[in-house]
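Worksheet for the structure shown next.
All of the numbers you see were taken from the coordinates with simple rules; none came from a lab. Only a predicted model underlies this, so the values are computations on that prediction, with no experimental measurement involved.
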């Protein structure tokens, strides 16, 4: 379950940012987890609650945005949305796609108090 390691990384990012800005607490963390990232948002939420305990992130709500996958088709050169790796191009049906977005995980923002 790599979500536990990812949750630890999120908490570390939050702690580092809070320390750099002399923040007393964090109310909300907004994450962007692309549809092609291979991260299970529910498992990440569960893991986050466990690893945030006793840190500045304890009690913070976790808001997860899930943008769709983006790919460029080598056959028709269209930029398209895809729901999963290995999907066919919705324009021409080709499976020769190069992922250009929606495969990452980013801490978008922190709401502090």
Treating the angle as unsigned and between 0 and 90°, give the value, to the nearest 10°, between the Cα long axis of helix 3-20 and the longest Cα principal axis of the chain. 60
Could you let me know the centre-to-centre spacing of segment 68-105 and segment 2-30, using Cα atoms, in angstrom? 32
Against the longest alpha carbon principal axis of the chain, how many degrees, from 0 to 90 and to the nearest 10, is the axis of helix 41-52 turned? 20
